[in-house]
1. Could you check how many residues of the range 117-142 are more than 15 Å from ILE188 (Cβ to Cβ) and open to solvent by less than 30 Å² (accessible area, probe 1.4 Å)?
2. Looking at LYS158, is it outside any loop (DSSP other than H, G, I, E, B) and over 20 Å from the mean Cα position of the chain (by Cα)?
3. Return the pair list, or none, for Cβ contacts closer than 6 Å from residues in the range 165-180 that are open to solvent by less than 50 Å² (accessible area, probe 1.4 Å) to residues that are of a type in the set (D, E, K, R) and at pLDDT below 85, at least 6 apart or on different chains.
4. Give all pairs with beta carbons closer than 6 Å in which a residue from the range 330-359 that is under 13 Å from MET109 (Cβ atoms) and assigned to a helix (DSSP H, G or I) meets a residue that is open to solvent by 30 Å² or more (accessible area, probe 1.4 Å) and aliphatic (A, V, I, L, M); count only pairs at least 6 apart in sequence or on separate chains.
5. What are the residues in the range 222-245 that are touching a strand residue (DSSP E or B) at 6+ places or on another chain (Cβ under 9 Å) and open to solvent by 90 Å² or more (accessible area, probe 1.4 Å), if any?
6. Out of (1) modelled with pLDDT under 85; (2) over 20 Å from LEU251 (Cβ atoms), the odd one out for THR171 is which?
7. Given the conditions (1) at pLDDT below 85; (2) part of a loop (DSSP other than H, G, I, E, B); (3) open to solvent by 30 Å² or more (accessible area, probe 1.4 Å), which single one is not true for ASN79?
8. Residues of the range 49-73 being of a type in the set (S, T, N, Q), open to solvent by less than 30 Å² (accessible area, probe 1.4 Å) and either under 14 Å from GLY219 (Cβ atoms) or free of Cβ contacts under 8 Å to residues at least 60 places away in the same chain (or both), which ones?
Amino acid sequence: MLFCHSQPESYHQHSASYIREALAPFLQNEEARLMAENGTKRIPFQYILCAATSPAVKQPDETLTYLNQGQSYEIRMLNRKLVEYTDISSKYVKSIVRVVFHDRRLQYMEHQQLEGWRWNRPGDRILDIDIPLSVGILEPRSDPLHLNTIEFLWDPVKNASVFIQVNCISTEFTTRKHGGEKGVPFRIQVDTFTTNEQGEYMEHIHSSSCQVKVFKPKGADRKLKTDKEKIEKKTIQDREKYQPPHETTLLKECSPWPDVLNLTTHSSCSTPSPIYHSSPTSCSFTDGNCSPNQQGELLHLLPSSSPQDTQHWLHRHRFSPFSRLFSSFSGADLLRMSREDLIQICGPADGIRLFNTMKGRSVQPRLTIYVCQQQARNQPPIKPGDGDIYHALYLEELTLLDLSEKIAILYSITPQQITRIYRQKPTGIHVLVCDEMVQNFREETSFIISTIRDENTDGYHVVLK
């Protein structure tokens, strides 16, 4: 569905003035610094978060902005009349706004932290977009699997503003909750893309971010007032050690979030899901049939494995949630990590499993089944000779989810593309597969797999015969 909010006349009349007022405190110094570093090149975009910075931040440090939980805050996108940028082939650009952890330690455990928050706050999102207040944006989207991410299109030639709401608070992610503890800082990051040759928004062109802390409603106002009173009590000499506060926050240019690198790398594929990224060599179900990936799988991680091979190995062994974290690791880098390092980064269960898998100590599967893809009538056999080709699926967990993941890995697709799995009985009826049915599968049972396209989604129904 397309959402396009027209811009009122007053918005156009005052656009230049409010942008200049917002940027006035830092535009000259910031652009002078950037032009000194990059020659005459200017950054393509600039974003303004309409929230005041804290006065209690020392000069060398990054600015810190306080936000109230659930309150709508505006992020303004500057137009080309004020800031020159490089040529962009597409009329619109796509921006992804995300709330991420500032601390490196929590970045390593982001997946576990977000899953814990999802468990404690079912149905809630970490980041929301306030569509009625937003101006000049198209196709706003909140992925249900990305609780901390929103995305939208906008025209860089025109003014645009997006209003966001952060629904988590900083103290929800502290290790000890005894009252009075300091909350962890977050980052609000904006990654912007233009279209590639296929017309997909996957060419990264700019990223910027700022540091924030989120308080319960009205808590940010109280904290800001306390910081001001604290600075006012200091001597003039001591005040000079602190940054002057500003009514708005300028997002500073930064490196793209690692997910952006995955998007750019796999620009020939459709947009990957938050956890499972499509491989360039993957195949999809077509007309109810698909051949498995015939390339040799990387079964063992070697010191000579490249970062790309390491990524394939992680996906192959069901460590996709950590692929972004280890995006630049070679095989040697990963193999140098100790068991304790992996437990600290990935958590006890996944850390131990990753360590054992790297060392070749694979977990004994609880169930082994064999599957063969049903051939179309007009298709020749996969290989010369008699007999069908079967593939072994090793289930460590007797669940429908584990079965879906194994079938998805076999065909190099995402589990989300598998809508339902049915078991066809000899009488021809189709029984919906559930956890209890998987638990009652006999060891080394053989199935023939066929697929039916789901007319309501882009997924497929899998039938086991």
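1. Counting residues in the range 117-142 that are more than 15 Å from ILE188 (Cβ to Cβ) and open to solvent by less than 30 Å² (accessible area, probe 1.4 Å) gives 7.
2. No, not satisfied.
3. Note: pairs meeting the criteria are THR174/GLU181.
4. Every condition considered, the pairs that remain are GLY351/ILE343.
5. Residues satisfying the conditions are ARG222, LYS241.
6. Going through the list (1) modelled with pLDDT under 85; (2) over 20 Å from LEU251 (Cβ atoms), THR171 breaks only (1).
7. Status for ASN79: all satisfied but (3).
8. Within the range 49-73, SER54, THR65, ASN68 meet the criteria.
The values are calculated or read from the model by the stated rules, or taken from the named source; none is laboratory data. Everything numeric in this text was worked out from a predicted model, so none of it was measured. Cβ: placed from backbone, ideal geometry, glycine included. Neighbour counts: every protein chain shown. Side chains are part of the model used for accessible areas, which takes the heavy atoms of the whole protein and leaves out ligands, DNA and RNA. Shrake-Rupley method; radii C 1.70, N 1.55, O 1.52, S 1.80 Å.
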